[in-house]
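One structure below.
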């Protein structure tokens, strides 16, 4: 199948999806597909703008074609914003030129960032080439934008975005989401249903293309981890690694630590990362002896500290589980860590943790979080067994080899349907 992926960021640009696309594309090429991606020169962060990649190259069999950055877009904020806004019309212009020159594709694929309009342009280009349209949901917009306060619910902007996105969903030939909860939300919010097929394929730990090393081996990671706290008298290290955002309810986690500080002195909590909530969290925790803050570090470095922890924290604000899936879950389980999830018990994430016995859950109430922390403090002897179950679950359900096999099968099914 001749596949065109349109997305602004591609390796060596730094967002995770940029590397994810390279891994998936590489795998599909091995299965005999012809994969092309239209992207831009590295531009996600200011440090990315210091890199210059080839205008066109073949990378792992993928044909990569990059737009140039607009002048000064890496140094002037106005130009950076204009560069971001211009990517979608530049895609349309390139598609028109290629169509006029006789180029064709069988499948056009894009994701949900930037919200709504990326999908809109993707389906226009698919229609231009008379190709099938694959819509990859990394998040569910515009609903997530409502929750995050980016625009008011039922306002003019929200109504316009919702109308466009309903068409994006309904006209897609293939929808891919990260969880059953996300898919259920998409189907529930699509009044006429969806025309195409739907698949649930999660993300996975990323390949380290800089060193040509595959994603982190859970066996190696867990062996690192289990060399630390294994005795009952040792402290239990719990870590939250990632963006310290204002929509994750991390303040309730600190409040829970305040409640248990006299009853669970063996619980040590580390926040690794930066974000808008960091200063507030540091202020709240200033009198807590066992709450620590570490700066953001690249995953290649951070993985070893994360792996040495005993439990990894996933925290989502209410209802977010219906609109997104926390990728740090994959990181923790790939490194052999049990999960402590602050999420609704009816969510797929919570049910996985309970059914697979790979961690602990709490709802969004501070008392519930405190009770879960006390439970963890009293179950240190169980953590090694949870590590093994987390590692086994990752291998069977979340590893890159498993997810890539799902991608290959899904594309094969699309190809077979087209040939019928």
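The values are calculated or read from the model by the stated rules, or taken from the named source; none is laboratory data. These numbers come from a predicted model, not from an experiment. Reconstructed Cβ throughout: ideal geometry from the backbone, glycine too, with neighbour counts over all protein chains shown.
Assorted remarks:
- The set of residues in segment 248-300 that are farther than 19 Å from residue 237 by Cβ, touching a residue at least 60 places away in the same chain (Cβ under 8 Å) and out of contact with any helix residue (DSSP H, G or I) (no Cβ under 6 Å at 6 or more places or on another chain) comprises 248, 249, 300.
- Residue in segment 322-338 that is within 17 Å of the chain's Cα centre (by Cα), buried (at least 21 other Cβ atoms within 10 Å of the Cβ) and farther than 24 Å from residue 24 by Cα present: yes
- Counting only helices (runs of 4 or more DSSP H) that sit wholly inside segment 70-175, those with at least 1 residues that are under 23 Å from residue 316 (Cβ atoms) and in the same structural domain as residue 415 (by TED's automatic domain parsing) are 143-147, 156-171.
- For segment 308-321, the candidate set comprises residues that are over 18 Å from residue 243 (Cα atoms) and surrounded by fewer than 20 Cβ atoms within 10 Å (Cβ to Cβ); within that set, the residue that is nearest to the chain's Cα centre (by Cα) is 319.
- Checking every residue in segment 372-394 against the condition of being farther than 28 Å from residue 269 by Cα and under 26 Å from the mean Cα position of the chain (by Cα) gives zero matches.
- Annotation: of all residues in segment 76-114 being touching a strand residue (DSSP E or B) at 6+ places or on another chain (Cβ under 8 Å) and within 23 Å of residue 146 (Cβ to Cβ), the one that is surrounded by the most Cβ atoms within 10 Å (Cβ to Cβ) is 110.
- Among the residues examined, residue 373 does not qualify as farther than 21 Å from residue 306 by Cβ and in contact with a strand residue (DSSP E or B) (Cβ under 8 Å, 6 or more places away or on another chain).
- If the condition is being part of a strand (DSSP E or B) and farther than 15 Å from residue 108 by Cα, then segment 20-59 contributes 40, 56, 57, 58, 59.
- Residues of segment 243-278 that turn out to be assigned to a loop (DSSP other than H, G, I, E, B), under 19 Å from residue 359 (Cα atoms) and at pLDDT 90 or above, as a count: 1
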